[in-house]
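FYI, it's all coordinate maths here, none of it is from the lab. Not measured: the values here are computed from a predicted model. Here the Cβ positions follow ideal geometry from the backbone for every residue, glycine too, while neighbour counts run over all protein chains shown.
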Amino acid sequence: MSSEMSSTIKRMEGQPVLFAARPTRLSLQQLNFGEDHYRAVTVNVWRNHALESIVSLANPYFAFGRWQVAFNFGDYDDSLMFAGHAPADIELLWLDSSRYLENTDFASWSEWLLTRLGVLRSTSTAPIIVATWLQNPEQRQQMQALVDTLPDIYFADIGSVCHEAGVELLDMRIAVATGSPVSNAAQAVLARKLACHWLPAAISPPIKALALDLDNTLHKGILGEDGVQGVELTPQHIALQASIKALQQKGIFLALVSRNERVDVEELFAKRDDFPLKWDDFAATEVSWGDKASAIARVAQALRIAPDAVLFVDDNLGELVAVTSQLPTVHAIHAHDNAELTQRALEYYPGLWRWKVTADDVKRNQDMKANALRESLLTEVTDPEEYLRNLQVSLTFNHFPQEHLSRLADLCKKTNQFNLAMRRFSLSEITERHQSDNSCVACVQLKDRLSDSGIIAVMVAERHGDLLVIEELCISCRALGRQLEDTLVLWTIRQMPQFQTCQQVAFRVQHGPRNQPAVAWLAGHLEMAPDAVQEGLNGIPKHKLEQFTPVQSVKLTEE
């Protein structure tokens, strides 16, 4: 058995411990998933109480997600001077608020904290997480409002996490011995939250789709043997399906990947009114007796996402091993006999939880369903102008998108195919450039008669003398295939204030594993083969952009 297969099996076997209702210190410490890591992450910790015991409990979760995390612990420092700061992927403020609030009021403390956050933000472009507990809902709302005043800062509400888990947050009896008043029961809960939600949501490309098995996963029993009315929907399976449907309503794609007769599966969803999930909830369906790895690859292609954005859920450990062996970047969860455990594994799987769900996230499923109609229309209409005229395409350009900066950073993080520079600009980096007279941050919104796609493109440009450098160019995969790339990119650049005073435009390029569509587009304008496009800056004379004429059948507006 290969080490990859062995690692997958160990991780699946560890799920009952990791995702127990109340994980225990002893059971977590006994887990060993080996040294199979995909990503190294560095976290600076600025604190006034201990975090080490929580980190030791978080390590199995990091290993499950294939992260290797190095924590740089500063000294205990109520003053938050950030002494000895070094670059890191995440800045974590781990604060015992009571140490401040016993000597001052909340308003004064929050005003001081905002000042310290401003100092850290001026030093670091990494996401900042402020983890603390507060006394009442009003203070929590005020803290959220406070962190929202600076870019890429998140409030991790320790008190609410413990309250929802039903554990006591504080145990003053252990404070002297451990360096923190956080109770032992709370430490295990917070370790899972830190490793599965807070850190991944700050820096990881998110999971975009669930590829779901059917038998003994979404229900109990085997459809081919038990029949439509014979498969059992236990209360736990009802809750599991409801939680999956909630994810779908937040913009996560659902795909059904099942070894069954398609006609039987369609009949199941048509006749079982007690299923929270409906056939139309699935953006893609692969129901056959074929290979599941190939099916998931087709799902990813149909949804225009990479396999590493897919989470596969199946009750058959052999299927999980087979899929992850053929598609090593696909995420996997073992569907347990007790569907409550499967539900909790989904709840905490790294990359599914979001700090914030945007309106554009919610539009994603509707837009994907509309793509099938667009592709059908494309086969019927051969003239590109007629195709776009029939769709009634409207593009809205915004070169001062102050209110959309968070969405633009999210798009930079998520986009893989049409992403020229692969820079992955953070919210703080985008905000910094938005505020600079020498730079321009622009975005484009797309709408047609079938759906409103929302913001689907972001561009970050910087002027260097007579040269305008496109440092970041991302177009969502949802917008590809509508023959709009030239208008989206070239017209956006044409309207930039910095374009008027430059003599040449250059696109920064970095070759990635999946950004061939973006490189091929640029190669066409450079009049060369895609494999001839070099990493670094690739220039295009200004007059080529000045001569560009957008498609006449597309409505263009400026916001």
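Within the same chain, aspartates and glutamates fewer than 8 places from Lys542 are excluded, and of the rest, those with a Cα less than 13 Å from its Cα are Asp466. Annotation: amide H of Leu467 within the under-5 Å range of Gln503, sequence separation 5 or more or interchain, hydrogens built in the peptide plane.
Using the Cβ of Ile153 as centre and a radius below 11 Å, the other residues enclosed give a net charge of -2, where K and R count +1 and D and E count -1. Rounded to the nearest 20, the size of the Cβ-charge dipole of the chain about its Cα centre is 400 debye, with Lys and Arg at +1 and Asp and Glu at -1. Remark: for residue pairs Lys245/Lys271; Lys278/Lys413; Lys193/Lys250, the C-alpha separation exceeds 22 Å in Lys278/Lys413.
Loop-located GluC sites (Glu not before Pro) across region 224-271 with a Cβ neighbour count of 15 or fewer within 10 Å are Glu261, with loop assigned by DSSP. Charges were assigned to the Cβ only: +1 to each Lys and Arg, -1 to each Asp and Glu. The resulting dipole of region 382-558 about its Cα centre is roughly 340 debye. Relative to the Cα centre, the charge distribution of region 3-203, modelled as +1 at Lys and Arg Cβ and -1 at Asp and Glu Cβ, gives a dipole magnitude of about 500 debye.
Rounded to whole numbers, the Karplus 3J(HN,Hα) couplings from phi for region 386-395 are 5, 4, 5, 5, 5, 6, 6, 6, 10, 10 Hz, using 6.51 cos²θ - 1.76 cosθ + 1.60 with θ = phi - 60°, and x at Gly and Pro. Calculated translational diffusion coefficient of region 263-398 (37 °C, 0.692 mPa s; Stokes-Einstein with Kirkwood radius over alpha-carbon pairs) equals 182 µm²/s.
With a ≥ b ≥ c taken as the square roots of the eigenvalues of the C-alpha gyration tensor of region 382-558, please select rounded if a/c is under 1.5 and otherwise prolate if a/b is larger than b/c or oblate if it is not? Here region 382-558 falls in the rounded category. Full extension of the segment from Glu111 to Lys555, taken as 0.36 nm per residue of separation minus the current Cα-Cα distance, would add 155.2 nm. Put a dot 7 Å past the Cα of Ala40, heading toward its Cβ, do the same for Glu168, and the two dots end up 4.2 nm apart.
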